[in-house]
Amino acid sequence: MVKVLILLCMIVLTIVSATLVHMEKAIFESRDDYVQINKADSNSIHEVIFAIKQNNLEILDKFLMDASTPKSSKYGKYLTRKEVASITANPEANEAVIKYCQLNGLEIVKSTPYGEYITAKATIDVWEKLFGTTFYEFK
C-alpha cells in the first residue's frame, strides 16, 4: 500500500513538474517584467510545499451546500476547522509524503495542524534531480 502511494506521489510530482514548466514558459513569454537571469545556485536551499490530496470532498461540498441553502434545516450551521479536517483527512497520503521526504533526504520544516500541507527543504540540486527539471533565478 505504501509503495503504491509513493508511486502515486512520484507520478503526481512528475505531472506537476511538467505542468509547472509549461506554466513557467507561458508566464515567461507573456511578461516583460519577469526576466530569467541565470540557473539557480545548486547549493542554495529551497522550500517546496506538498499539498496532500484531501478525502471526501463530495461530503464536504454537501455540508457547504446545506449550510448555505436558506431552506435547508442545516442552514447557517457551518463546520469548524477541526470538523472539516476530520472529514477530509488523508493520513495514508500524508504518511506517504513524509516517507518520500525521508527516503530522499528532504528536511521537513513544517506541517499544517491537520496534515493538508507539508513543507520540505533541500538544495536546488536535490529538487532538480527529484523533479527532473532545472531551476532558474528571475527578476
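The values are calculated or read from the model by the stated rules, or taken from the named source; none is laboratory data. Note that the structure is predicted; figures quoted are calculated from it, not measured. Every residue, glycine among them, receives a Cβ derived from its backbone with ideal geometry; neighbour counts consider all protein chains shown. We work out accessible area using only protein heavy atoms, side chains counted, and drop any ligands, DNA or RNA first. Shrake-Rupley method; radii C 1.70, N 1.55, O 1.52, S 1.80 Å.
Tally the residues that are not small (G, A, S) and not in a helix (DSSP H, G or I), restricting the search to segment 119-131.
Residues meeting the conditions: 3.
A search for C-beta distances below 6 Å between a residue of segment 89-100 that is farther than 12 Å from A120 by Cβ and any residue that is crowded, with 20+ Cβ neighbours inside 10 Å, counting only pairs 6+ apart in sequence or on different chains, returns N90/I52; A93/I52; N94/I52.
Here I124 meets each of (1) touching a Phe, Trp or Tyr at 6+ places or on another chain (Cβ under 9 Å); (2) free of Cβ contacts under 8 Å to residues at least 40 places away in the same chain; (3) hydrophobic (A, V, I, L, M, F, W, C) with one exception, condition (2).
Yes/no per residue for (1) under 30 Å from Q36 (Cβ atoms); (2) surrounded by 13 or more Cβ atoms within 10 Å (Cβ to Cβ); (3) out of contact with any strand residue (DSSP E or B) (no Cβ under 9 Å at 6 or more places or on another chain):
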| site | (1), (2), (3) |
| --- | --- |
| P70 | no, no, yes |
| A96 | no, yes, yes |
| S111 | no, yes, no |
| E128 | yes, yes, yes |
| T134 | yes, no, no |
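Here Y117 fulfils each of the conditions (1) under 30 Å from I37 (Cβ atoms); (2) open to solvent by less than 70 Å² (accessible area, probe 1.4 Å); (3) under 18 Å from the mean Cα position of the chain (by Cα) apart from (2). Of the residues making up segment 95-104, those that are of a type outside the set (A, V, I, L, M) and either modelled with pLDDT under 95 or farther than 15 Å from V48 by Cα (or both) are E95, K99.
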